[in-house]
Amino acid sequence: MPEDPQAADAEPDPFTVAQAIVYRQLTAAPKSRLQLARKLAERNIPEHVTEAVLDKFQEVRLIDDAEFADMWVRSRAQSRKLAKGALRRELAEKGIDQETAASALEQLTDADEEAAARALVERKLRPGTDLSVPGERDKAVRRLASMLARKGYQPSQAFRIVNDILDSRQEPDSDPVQSRYP
């Protein structure tokens, strides 16, 4: 039986197209509702279709901004060592409201944030940097504090942590020559 020529020329159903796009996006990685709405807008899906499809996906819990925010905070705090400030900005860019973001950020304690910042500084502190050379310490402080600032840490916290770690590295150890001879 030959195909119906009108069926071949018919526009695809926008609801079906929108659902396929959302399924494909969610298969690649979890997304917020706003991210999915933007993706559908890029593909010229009408707004009423976008809302209906996203509502349906939300109803069956395939889209859950609170769950997405919790996962995003855990992942980015662990992998990128980002501070709460940077994570809050990233969540806002992804369309997560302030209340949901605040709830997701509660899983990070101040101690977690401090430990992550210290680990970053320890890892980024160049071995062999002679902090006793004039200007080297200042250069290291600026470089390391700037790195922490880019990751969302407050300047006062960044400078305090960097200085603490550099001070601990600069403390004079007992003279190895002296300790061999009583």
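The values are calculated or read from the model by the stated rules, or taken from the named source; none is laboratory data. Every value quoted in this text rests on a predicted model; they were computed, and no experiment measured them. We place every Cβ from the backbone using ideal geometry, glycine too, and count neighbours over all the protein chains shown. To get the accessible areas, we keep the full protein, side chains included, count just its heavy atoms, and leave off ligands, DNA and RNA. Shrake-Rupley method; radii C 1.70, N 1.55, O 1.52, S 1.80 Å.
Over the Cα atoms of segment 38-79, what Rg and Dmax result, in angstrom?
Here Rg and the maximum Cα pair distance are 13.3, 38 Å.
Take the alpha-carbon centre of segment 154-170, take the same for segment 111-142, and report the distance between them in whole Å.
A separation of 7 Å, based on Cα centres.
Determine the dipole magnitude for segment 31-159: charges of +1 sit on the beta-carbon of Lys and Arg, -1 on that of Asp and Glu, nothing else is charged, the reference point is the Cα centre, and the result goes in debye to the nearest 20.
It works out to roughly 820 debye.
How high is the relative contact order of the chain, in percent, with contacts defined as C-alpha pairs under 8 Å that are six or more residues apart?
Taking the mean separation of contacting Cα pairs over the length of the chain, I get 17 percent.
Report the Rg/Rh value for the chain, based on alpha-carbon coordinates and the Kirkwood definition of Rh.
Rounded to two decimals, Rg over Rh is 1.27.
Let me know the number of lysine pairs in segment 38-182 closer than 14 Å at the Cα, not counting same-chain pairs under 8 apart.
Here the count comes out as 6.
Considering only protein heavy atoms and a probe of 1.4 Å, how much of the accessible area of the chain is carbon and sulfur, as a whole percent?
50 percent
Hey, what angle do you get for helix 14-28 against the long axis of the chain, alpha-carbon based, 0 to 90 degrees rounded to 10?
The angle comes out near 30 degrees.
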